[in-house]
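Okay, structure first, notes after.
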Amino acid sequence: MTILAILLSIVAIYFLEENNALSSKLTSWLPAIFLFAGSIVLFCLDYGVMRGIFVFIGLLSLLGTIVTLLPYRFSLGKT
Amino acid sequence: MKSKTIKKLYTLHSWVGVITGILLFVIAFTGAVSVFGRPEIKLWANPEIRALAPVDTVKIEQLIEEYSTKVPEHYKEEIIVFLPGVRSSTGLFIMFESHHGDPIPEDLKVAEGEAPKRNPAVATIFEFDPNTYELVKEKSGLVSELFANSQYDMSEFIVGFHADLHMGRPIGLLTTGVLGLTMMLSIVTGIFIHRKILGQFFTFRPRKNNSLMLNDGHKAIGMWGLLFNSVIAFTGAFLGLAIVVLVPAAAFVSFGGDQDKLIETFTAVQEPVIQNIAQSTSVSAAFEHAFKLEEGTTVDRMTIMGYGDKSAMMYLSVRGGESVAAQTAVYNADAEFQNIFSNFARLDGYTGAILDVMFPLHFGNFGGIFVKLIWAILGLGTALLPLTGLMLWMERGVNAANPRYSMRTYQRFNRLIVGGCGGIVIATILLFPSNVFLKYVIVVDNVGPAIWWPFFGSWLAILLGAFIVKCEKKFARQLVVATSILLMAVLPIDLVESGKEMVANFAYGHQVSLGIDIACLLMGVYLLKALKKYSVNTEKQAAISVNNVIAQEGV
């Protein structure tokens, strides 16, 4: 369940990204919100409501940072 | 918001960062390591408790019965059992305590009308081998003295350093508490000064130039970690200031300044009314029930009040399960489960619930190793925030058309950053070999106080070294190499330390220590690889560094 919740969050974050910036399209935001909601529900089912919410907050911070900085990881030394 | 106000907020954001940045890095970095302080690093530092057999609760019950006959009757007022390996004790400890001290002799008793004398609490602690349950040590005396001289190692050292920088109360706690507040201030001002904050969520342009890479990195880590950093800053400020400011203030308002009375009112367990009807206390059955309360729960200790009486009560400290906060499970003398509550459950409304989650939210110990990993990585991100901020401030200062300070000043500040931040990283990782060296080579009785020397010694040496070397940039690279080597050395050191037992422990289900070894090895290899690629990149870029400017000016 945790793995599925993580996958949902990753997909949601990718929905929000558009040309290295936060998307402003409703068609990106709506699926992202649904996916985030699904991820929270899964975490709450796995960890309990309170713990699930805090785990989601932590994971969102981590995944967002990684998704933003990860392209750099692959471009290191390629300049 | 007016641009003038934003400019003021920017100045405030910059100066708060410049003044507290290095200390914030120190606290955040050691905090990220402290997440694994107990029990992971504790287990790594003490191979003898890595693969303990399940606790023999029947044996513990027998030991309590046996040793309760060896202490004075009034010492049985409260009995505390600390289980081995779970939190900070390496052995099994059974403590017999008298809250009211030894009885006052008749000739010293006060006259009628005078305030009764109250002796300080006394106790006898028996330490048993966690495997054989044989008596190892026995100590008696004042409770305050018994705990003041307790043994500790690198795990308590690093957690303690993160909490109060080993400066004690009130200075240390006040410092870390105020740092939490300044972090909150930086977060709030950061939100206001980055007006296009939403649009820049995914922006990271590392290939353009150094300044842009730092700027985007600072924003990306700061924005994505906004909620996490807010939680850490708030809980950190609370944990730092609670004991030195909030508790005295609340006691002054409501309890006439009596802080002990205030803490007792809200946290202490109720003492049972002794019926003087002899009945054995079912310690083993209570333990066994508590172990199975919820999936994933651990029991740290048991407190028994009124031992051997029909009215006896047992209070077990339980962590894990569905609850974020630590809880207390209550059992009667027959080991019948009564109820379970969190520490501050007696406070009305949401106050108790908020106070209960402060500690677990700060240290991330509420959801197993998965949550701890998230908290540790994000903690490193929190440490990178002030570092990238400081570097950005330096870059902008050096590259400005009219720099506010001389190049020499910028260089000195750069050296302070390299020495202060690089030094704490090396000093922290040096704790691993130092702990092994002190425990197995020099064989010191108490590793904790001895570990101060390599920790603070190496930090000071690197700090001084940063001011002596010709080029601090080169020195920083050397520090990264040294960090990598130290990280990669953790696995071989553990192999030498635990030898064949490492394989046996792994087969027995203990993967924590090997996990630490492999994680350190991978981080060491990654750091070396990243440094190599970063050096190639930066050499190609014509970034203006402080050293280049000074060299060009011929200062």
Point to revise | Per-pair calculated FRET efficiency, R0 = 30 Å: B:TYR508 and B:VAL481 via Cβ, rounded to 0.05 | key: 0.25
Exercise for review: Note the full-extension length gain between B:PHE192 and B:ILE369 as 0.36 nm times their separation in residues minus their Cα-Cα distance, in nm to one decimal.
Suggested key: 60.2 nm
Revision key, fill the gap. Phi angles of region B:375-381, converted by Karplus (6.51 cos²θ - 1.76 cosθ + 1.60, θ = phi - 60°) into ³J(HN,Hα) in whole Hz with x for Gly and Pro, give 4, 5, 5, 5, x, 5, x
Check your understanding: Average partner chain C-beta neighbours within 10 Å, per residue of A:16-24?
Key -> 4
Check your understanding: What is the extension gain from B:HIS100 to B:LYS261, computed as 0.36 nm multiplied by their sequence separation minus the C-alpha to C-alpha distance, in nm to one decimal?
Key -> 56.5 nm
Check your understanding: What accessible surface, in Å², does a 1.4 Å probe find on B:LYS59, ignoring ligands, DNA and RNA and rounding to the nearest 10?
Key -> 70
**Study point:** DSSP-loop trypsin sites (Lys or Arg not before Pro) across region B:403-451, with at most 10 other Cβ within 10 angstrom
**Key:** B:ARG404
**Study point:** All Cα pairs of the protein assembly as shown, percent lying beyond 45 Å
**Key:** 26
Check your understanding: In whole Å, how far is the Cα centre of region B:433-494 from that of region B:171-214?
Key -> 30
Review point. What is the mean number of Cβ atoms from other protein chains located within 10 Å of the Cβ atom of each residue in peptide A:49-57, rounded to a whole number?
Key: 6
Point to revise | Sum of side-chain charges, B:ALA489 neighbourhood, beta-carbon under 14 Å (Lys, Arg +1; Asp, Glu -1) | key: -3
Revision key, fill the gap. Here the relative contact order (percent) of chain B, from C-alpha pairs under 8 Å and at least 6 apart, is 17
**Study point:** Under the Karplus curve 6.51 cos²θ - 1.76 cosθ + 1.60, θ = phi - 60°, whole-Hz ³J(HN,Hα) for region B:133-148, x wherever Gly or Pro sits
**Key:** 6, 8, 5, 9, 8, 9, 9, 10, x, 5, 4, 4, 6, 4, 7, 5
Practice item. Grab the eigenvalues of the alpha-carbon gyration tensor for chain B, scale each by 5, take roots, and send me the semi-axes largest first in whole angstrom. Key: 49, 28, 22
Exercise for review: Write down the accessible area per residue of the protein assembly as shown in Å², having rolled a 1.4 Å probe over the full set of protein chains.
Suggested key: 49
Check your understanding: Applying the Karplus parametrisation 6.51 cos²θ - 1.76 cosθ + 1.60 with θ = phi - 60° to the phi angles of region B:31-36, what ³J(HN,Hα) value in whole Hz is obtained for each residue in order, glycine and proline being reported as x?
Key -> x, 4, 6, 5, 3, 9
Check your understanding: So between B:ALA148 and B:SER230, what do we pick up on full extension, going 0.36 nm a residue minus the alpha carbon distance?
Key -> 26.1 nm
Check your understanding: FRET efficiency for B:VAL58 and B:LYS8, Cβ-Cβ distance as r, R0 = 60 Å, nearest 0.05?
Key -> 0.30
Point to revise | Accessible area buried, both sides summed, chains A and B with 1.4 Å probe, Å² | key: 3200
Check your understanding: Expressed as a rounded percentage, what relative contact order does region B:335-469 have, with Cα pairs under 8 Å and six or more residues apart?
Key -> 18
Point to revise | Rough spin-label spacing in nm, given labels placed 7 Å along Cα→Cβ, for A:ASN19 and B:LYS500 | key: 6.7
Check your understanding: Measuring from label point to label point, each 7 Å out along Cα→Cβ, what is the A:ILE53 to B:VAL245 span in nm?
Key -> 2.6
Check your understanding: Which order, highest average first, do B:165-177, B:306-318 follow once you tally other Cβ atoms within 10 Å for each residue and take the mean per peptide?
Key -> B:306-318, B:165-177
Check your understanding: R0 = 45 Å: FRET efficiency of B:ILE19 with A:ILE3, Cβ-based, nearest 0.05?
Key -> 0.55
Practice item. Can you pull the one-decimal nm distance between simple spin-label points at B:THR409 and B:ILE442, each 7 Å off the Cα toward Cβ? Key: 4.2
Check your understanding: Which whole number gives the average, over all residues in B:362-368, of C-beta atoms from other chains lying within 10 Å of the residue C-beta?
Key -> 3
Point to revise | Carbon/sulfur fraction of accessible area - chain B, other protein chains in place, 1.4 Å, % | key: 63
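The values are calculated or read from the model by the stated rules, or taken from the named source; none is laboratory data. None of these values were measured; they are calculated from a predicted model. Every residue, glycine as well, gets a Cβ built from its backbone with ideal geometry; the counts of neighbours run over all protein chains shown. Protein only, heavy atoms only, side chains kept; ligands, DNA and RNA dropped before computing areas. Shrake-Rupley method; radii C 1.70, N 1.55, O 1.52, S 1.80 Å.
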